[in-house]
Amino acid sequence: MPHPRTTRVLAAVLGACALSPLAAFASLPQIGAPADDSQRVVLAHITRAEANAQNDRGRVPDTMRLDGLQLLLHRGAKEQAALDRLSRDLHDPHSPRYRKWLTAKQFADRYGVAKSDIDAVSAWLTHHGLHVDGVSGNRMAINFSGTAGQLRDAFQTEIHRLSVKGAPHLANMSDPRIPAALKPAVVGITALNDFRPHPNMIKRGDFTIKGTTGGKSYALAPEDLATIYNITPVFSSGVAGQGQTVVVIEDSNVVNTADFDTFRTTFGLSSYTTGSFTQVHPAGSTKCRNPLVNEAESEAILDAEWASAAAPAAAIVLSSCRDTLSDFGGFIALQNMLESASPPAIVSISYGQCEVELGEATNVYINGLYQQADAEGTSVFVSSGDESSAECDDRNNVATHGVSVSGFMSTPYNVSVGGTDFIDTARGANRKYWNPTNDAVYGSAKSYIPEMPWADSCANMILSQHEGYATPYGSDGFCNSAAGADDLSTVGGSGGPSGCATGTPSEDNQVSGTCAGYAKPAWQVLAGVPKDGVRDTPDVSLMSANGLWGHYYVFCDTAGGCAGTPDHWSGAGGTSFASPILAGIQALVNQHTGSAQGNPNPVYYSLAAADYGRKGNPACYSGQHIAGTCVFNDVVQGDNDVNCTGTVNCYTPSGTNGVLSTDDANYAPAFKTRKGYDFPTGIGSVNVANLVNSWPQ
């Protein structure tokens with residue numbers, strides 16, 4: 001039976017709606033005049049900031065072949081409004097369309113672009129010598145290819161070689177231009193560069209924290225995960241993912257598929273005999289080339305292994321394609337899988353890239369891809385990122401571009417999975433929560449362990465005070481001290497408001513100009529949710545630390561370490577672990593309910609609202625005595641702030657290093673935890689047994 005409090009809150013959030021089932025209809029044409037190359041408009045914000053004179057190494061030869069290009073189409077206002085209504089109705093228990101997922105064909109027929117518009121755009125591409133390779137299965141993109149010279153002739157932009165931080169790249173040097181007559185049906189080219197998203201995995205650091213004993217570590221094994229987040233009772237009830245499949249989306253293969261088996265055998269998971277691992281390169285309307293093994297290999301294997309840790313009886317499928325100049329290979333894989341007769345019920349994506357860097361066309365593409373997934377019943381989990389609230393400064397030691405988030409996870413149609421760390425080391429309470437020795441499968445956690453945001457920066461107040469400094473900022477603050485020099489970092493669990501899903505920034509890699517975030521979805525209602533009018537991230541968080549306080553994950557990876565006992569294996573952190581784990585937890589929910597769930601967020605927020613009430617619930621605070629009835633653990637201590645320089649969202653009262661702040665003149669750290677929802681951890685972490693048992697049927 002549906003959990004009564006869940007049903008009530010869902011109805012309040014989504015609203016009752018008694019629309020009849022949607023009948024199929026033909027999309028209305030949007031192009032009403034012939035393409036005239038003398039009357040052109042710009043497809044804005046499709047040029048990378050790195051495409052500048054300093055990095056320019058000259059134009060590529062006109063004969064260079066460019067394959068895998070994608071022109072993203074725009075559905076009409078009527079079709080988009082109808083699709084948005086469907087997205088709400090699919091999660092409204094009072095709607096006749098509740099959980100009546102569409103097939104890929106139904107989606108394309110009802111919400112794809114009109115054939116006449118596709119024909120008009122295709123004819124224009126062909127007129128300029130470009131080859132139309134096909135139309136995406138959802139009728140929202142045209143795949144094409146051609147030479148650099150043909151591309152310049154058609155779109156009036158050149159492809160140049162660049163050298164950026166010592167690495168070679170290809171990119172367009174100006175925004176493309178198309179005939180004005182075609183613009184009503186065209187969003188833009190998703191990309192014309194080879195700057196790829198980054199995996200959200202951070203290798204274990206070599207940290208020294210004052211007051212720790214001999215640098216002792218408490219790394220997580222799968223049994224620890226099950227103990228801390230209360231998965232064990234679910235396993236004991238016979239629910240471990242039997243009959244379920246979790247797809248991890250990648251753009252690399254793994255070096256050695258046997259690593260997956262070694263991981264499971266070592267950690268006692270092989271007794272779940274239905275658990276399996278396969279790699280696929282899904283065929284579809286967009287050509288999927290085998291990516292082989294590349295620098296993202298460690299990401300691929302850890303995703304598979306830790307999804308299996310959360311759902312050891314489930315089938316884990318690694319779905320990957322090679323990147324193209326226009327698209328991330330993982331999105332090609334997802335796009336093709338959504339076109340199949342049996343779309344995946346659960347996918348996890350552990351990659352990210354700043355909304356501002358992606359540009360409006362790519363953000364629209366990602367949003368549309370996830371909205372289609374939700375309409376077909378697919379639950380999409382995406383890691384929030386490992387850059388705290390400074391995604392546009394990823395992999396830097398300082399924030400200079402202000403508050404920003406990843407466009408891979410900021411849409412309303414995916415679960416954004418954030419990161420926490422355990423607070424036991426900071427409290428000097430390791431012995432309370434960990435046994436002194438491991439058991440036969442390397443578990444040692446005793447119970448749930450109170451959490452704080454994952455944050456490696458000197459700007460983090462808990463770290464600053466632990467090291468003996470009253471504040472992280474100012475001349476006398478931790479970030480400007482010799483002791484804090486090693487902790488100048490932007491690494492931490494990402495979160496913040498969507499800021500540049502649409503529009504064009506006026507400053508490179510900075511939320512500015514006409515930038516606007518996604519509108520706040522109707523289901524994002526909870527104590528603590530800001531009244532900012534935009535989609536806020538993350539949604540749910542799990543342990544993601546990379547060792548600052550002694551906690552991190554181990555995984556078996558021939559390429560990086562899988563010899564001997566797990567203490568000699570690869571060690572890392574990042575929301576890359578949290579996303580596949582939460583996807584695995586969803587497999588337990590799906591098995592328990594017997595059905596696919598689409599976007600889980602409406603249920604997450606309704607359950608959290610029942611837990612937290614209007615002002616937060618002390619019984620659910622992530623402390624020493626959290627109530628056993630709470631579905632979520634509300635993280636209310638700490639922040640995920642980072643050090644910064646410059647004048648954008650940077651509070652610097654004195655000294656060289658400031659701290660990221662939403663107020664340049666006052667300390668308003670980006671961001672602190674609070675009762676209920678907050679930017680560092682979202683709703684908080686999860687009690688899995690309570691989540692599974694409270695999920696509405």
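The values are calculated or read from the model by the stated rules, or taken from the named source; none is laboratory data. It should be emphasised that the depicted structure is a prediction, and the values quoted were computed from it without experimental measurement. Note that we place each Cβ from the backbone using ideal geometry, even for glycine, and neighbour counts take in every protein chain shown. We work out accessible area using only protein heavy atoms, side chains counted, and drop any ligands, DNA or RNA first. Shrake-Rupley method; radii C 1.70, N 1.55, O 1.52, S 1.80 Å.
Data overview
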quantity	calculated
Given charges at Cβ of Lys, Arg, Asp, Glu: the range 101-201 dipole, positive-most of Met140, Pro197, Ala123	Pro197
Set of aspartates and glutamates with alpha-carbon distance to Lys520 below 19 Å, sequence-local pairs under 8 removed	Asp84, Asp89, Asp92, Glu355, Glu360, Asp374, Asp532, Asp536, Asp539, Asp678
Cα centroid separation, the range 571-610 to the range 26-61 (Å)	39 Å
Estimated FRET transfer efficiency (Thr257, Ser116; beta-carbon r; R0 41 Å; 0.05)	0.30
Net +/- balance of residues flanking Ser544 in space, Cβ distance below 10 Å, scoring K and R +1, D and E -1	-2
Degrees, to the nearest 10: 297-310 long Cα axis against longest axis of the chain	60 degrees
Taking only Cα atoms of the range 41-85, radius of gyration then Dmax in Å	17.4, 48
Solvent-accessible area, 1.4 Å probe, carbon plus sulfur percent, for the chain	52 percent
Kirkwood-type radius of the range 137-270, with distances r between different C-alpha atoms, in Å	21.5 Å
Angle in degrees between helix 601-612 and the longest Cα principal axis of the chain, rounded to the nearest 10	30 degrees
Solvent-accessible heavy-atom area per residue, rounded to whole Å², over the chain at 1.4 Å	34 Å²
Per-selection Rg to Rh, the chain - Cα, Kirkwood hydrodynamic radius	0.96
The range 546-570 and the range 231-295: distance between their alpha carbon centers, rounded to Å	19 Å
Residue-by-residue Karplus 3J(HN,Hα) for the range 64-75, coefficients 6.51, -1.76, 1.60, Hz, glycine and proline x	4, 7, 10, 9, x, 7, 9, 9, 7, 9, 10, 6
5 angstrom amide H check on Ala191, placed H, neighbours 5+ away	Gln70
Relative contact order (%) - the chain, alpha-carbon pairs under 8 angstrom, separation at least six	17 percent
Rounded to the nearest 20 debye, dipole of the chain from Cβ charges on Lys, Arg, Asp, Glu	1660 debye
C-alpha center-to-center spacing [the range 318-394, the range 425-447] in angstrom	36 Å
Accessible area, probe 1.4 Å, largest first, for residues Arg535, Arg75	Arg75, Arg535
Exposure ranking of Met337, Met452 by accessible area [1.4 Å probe, largest first]	Met337, Met452
Computed [θ] at 222 nm, helices only, for the chain once each DSSP H run of length n ≥ 4 contributes -39500 (n - 2.57)	-7000 deg cm²/dmol
Cα-Cα over 23 Å, subset of Lys78/Lys115; Lys216/Lys432; Lys446/Lys675; Lys78/Lys105; Lys78/Lys100; Lys105/Lys287	Lys446/Lys675
With at most 14 other Cβ atoms within 10 Å, longest stretch of the chain clear of loop GluC sites (Glu not before Pro) (DSSP)	1-294
Which of Val356, Trp306, Ser342, positive extreme of dipole for the range 294-377 (C-beta unit charges)	Ser342
Accessible area in the full protein assembly, largest first, 1.4 Å probe, for Ser116, Ser541, Ser237	Ser237, Ser116, Ser541
Exposure of Leu269 as accessible area (Å², to 10), given a probe of 1.4 Å and all protein chains	10 Å²
Degrees separating the helix 329-338 axis from the principal Cα axis of the chain, which is the longest one	80 degrees
Size of electric dipole in the range 518-607: Cβ of Lys, Arg +1 and of Asp, Glu -1, about Cα centre, debye, nearest 20	280 debye
Cleavage-rule hits, trypsin sites (Lys or Arg not before Pro), the range 342-436, DSSP coil, Cβ neighbours within 10 Å at most 16	Arg395
Derived scalar couplings ³J(HN,Hα) [the range 567-573; Karplus, 6.51 cos²θ - 1.76 cosθ + 1.60; whole Hz; x for Gly, Pro]	5, 9, 7, 4, x, 6, x
